[in-house]
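Visitor: Before I ask anything, here is the structure I am working with.
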Amino acid sequence: MEHTVATVNGSPIDSNALNAAMQSLAQEQFHGPLAEVPAAAHDELRTMALERLLARELMFQAALAEGFVADDEAVEEESARILRMMGNPADFWKRLAERGMDQAAFLRMVRKDVTVDCMSARKLAEVPEPCEEEIRHFFSAHPEKLRGHERVRVSHILVPLDPDDPQKALDHALALKLRAEQDDFAAIARAHSVCASAPGGGDLGFIRRGDVDPSFADAAFSQVVDEVGPPVRTPYGYHLIKVAERDIPAPPTLEEARGKIIAFLKRAQGSQLLQQWVAQLRSKAKIVITGH
């Protein structure tokens, strides 16, 4: 049953929001759903998730105090982006309903997230440009951070999960894998994949690690070219992945890397600035942790 886990200046943070934040952290750190995370790690995940939610609420309240809130166009754009990532909208809404969230609550959540993102962007705009000495030092000290991102061109077949019978989806994926190894992968994707990429034969084009779910990325970047890998589970279902091509860039020169170095230095300083800002907001707020 939904209950309040904390309040920030009287505004509640409920257990559904906490569970969603824990699910997100489970994907980031363990590459799987919360149910598959070792029980010993749950308390730490809960603490981290609650800290995220407290910071988010503090920044949202700061935005409201300035009379700012994300407009409908920005909310609709972000909502559409999330739905595209989910693959199958019907499954997405079903999963939200199982967590006690309807479409109206989802849109409120998105509006808050977009508002917080805009406030963060305003703060980050205050970060100064790094000097030449800082740029050259970073270039010499961190060559591993400057090499361009490896990319792979992938196609996939997405088999949706059946919450009532998870094994059924896995069995279907395994059966499709056998067919895809012998027949035309693109044709099977067009006929059986539930992803929006299905009409194009499941082709996702070139992707980088950060473009996709961590479990999907781990599989795609470790697979042999032209082989169909084993089913990979993500929150969206089981994926059969086929890598068509790899792109591994050469190390850049200083001038080639200059823009990336500046972005990295500003991002690091921006992160510190945001942490200081949240700490300042927190010092003036009344936060009550109400327990599990």
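The values are calculated or read from the model by the stated rules, or taken from the named source; none is laboratory data. This one's a predicted model, so the numbers in the text were calculated from it and none came from an experiment. Backbone-built Cβ (ideal geometry, glycine too); neighbour counts: all protein chains shown. Side chains are part of the model used for accessible areas, which takes the heavy atoms of the whole protein and leaves out ligands, DNA and RNA. Shrake-Rupley method; radii C 1.70, N 1.55, O 1.52, S 1.80 Å.
Visitor: Need one number: the % of Cα-Cα pairs in the chain sitting beyond the 35 Å mark. Kindly include the intermediate steps, with their values, before the conclusion.
Guide: Details: 13469 of 42486 pairs.
Within the chain, distances greater than 35 Å cover 32 percent of Cα pairs.
Visitor: Moving to a separate point now. Taking only DSSP H segments of four or more residues, each worth -39500 (n - 2.57), what value at 222 nm results for the chain once the sum is divided by all its residues, to the nearest 500 deg cm²/dmol? The partial results should precede the final answer.
Guide: Working: 10 runs with 160 residues, N = 292.
Value at 222 nm, helices only: -18000 deg cm²/dmol.
Visitor: Restrict the search to region 91-174; then list the GluC sites (Glu not before Pro) that DSSP places in a loop and that have at most 15 other Cβ atoms within 10 Å of their Cβ.
Guide: Details: sites: Glu98, Glu126, Glu132, Glu133, Glu134, Glu144, Glu150; in loops: Glu126, Glu150.
Passing sites in region 91-174 are Glu126, Glu150.
Visitor: Out of Gly100, Gly67, Gly200, any idea which swings most in a Gaussian network model of the chain, alpha carbons joined below 10 Å?
Guide: The residue with the greatest mean-square fluctuation here is Gly67.
Visitor: Counting only the heavy atoms of the protein chains, how much of Asp71 is accessible to a 1.4 Å probe, in Å² to the nearest 10?
Guide: 90 Å²
Visitor: Let me ask something else. Distance check, please: which entries in Lys145/Lys242; Lys112/Lys266; Lys123/Lys284 exceed 20 angstrom between their Cα atoms?
Guide: Values: Lys145/Lys242 28 Å; Lys112/Lys266 25 Å; Lys123/Lys284 18 Å.
From Lys145/Lys242; Lys112/Lys266; Lys123/Lys284, over 20 Å: Lys145/Lys242; Lys112/Lys266.
Visitor: Another one. Which percent of the accessible heavy-atom area of region 150-292 goes to carbon and sulfur, probe 1.4 angstrom?
Guide: On the way: 4130 of 7820 Å².
The C+S portion of the solvent-accessible surface of region 150-292 is 53 percent.
Visitor: Tell me, what is the per residue accessible area of the chain in Å², probe radius 1.4 Å? Intermediate results must be reported in sequence, preceding the final value.
Guide: On the way: 16450 Å² over 292 residues.
In whole numbers, the chain has 56 Å² accessible per residue.
Visitor: Which order do Ile287, Ile207 take when ranked by solvent-accessible area (1.4 Å probe, heavy atoms of all protein chains), largest first? Before the final figure, lay out each step's value.
Guide: Details: Ile287 45, Ile207 10 Å².
I get Ile287, Ile207, largest accessible area first.
Visitor: Now, a different point. For region 218-225, take each phi angle, set θ = phi - 60°, evaluate the Karplus expression 6.51 cos²θ - 1.76 cosθ + 1.60, and give the result in whole Hz per residue in order, putting x for glycine and proline.
Guide: Coupling constants for region 218-225: 4, 5, 4, 7, 10, 7, 7, 4 Hz.
Visitor: Using the Kirkwood radius over Cα pairs, work out the Stokes-Einstein diffusion coefficient for region 1-102 at 20 °C and 1.002 mPa s, in µm²/s as a whole number. Mind dumping the intermediate values first?
Guide: Working: Rh = 15.4 Å.
Answer from the Stokes-Einstein relation: 139 µm²/s.
Visitor: Given a Förster distance of 41 angstrom, what is the FRET efficiency for Gln269 paired with Glu227, based on the Cβ-Cβ distance and rounded to 0.05?
Guide: Details: r = 43 Å, r/R0 = 1.05.
So, using R0 = 41 Å, E works out to roughly 0.40.
Visitor: Can you pull the accessible area of His142 for me, 1.4 Å probe, Å² to the nearest 10?
Guide: Approximately 60 Å² of His142 is accessible to the 1.4 Å probe.
Visitor: Hey, another quick one. Sort Met48, Met85 by accessible area with a 1.4 Å probe, largest first. Mind showing how you got there, number by number?
Guide: On the way: Met48 65, Met85 95 Å².
The most accessible residue leads, giving Met85, Met48.
Visitor: Okay, moving on. Any chance you could get the radius of gyration and Dmax over the Cα atoms of region 38-160, in Å?
Guide: 19.9, 54
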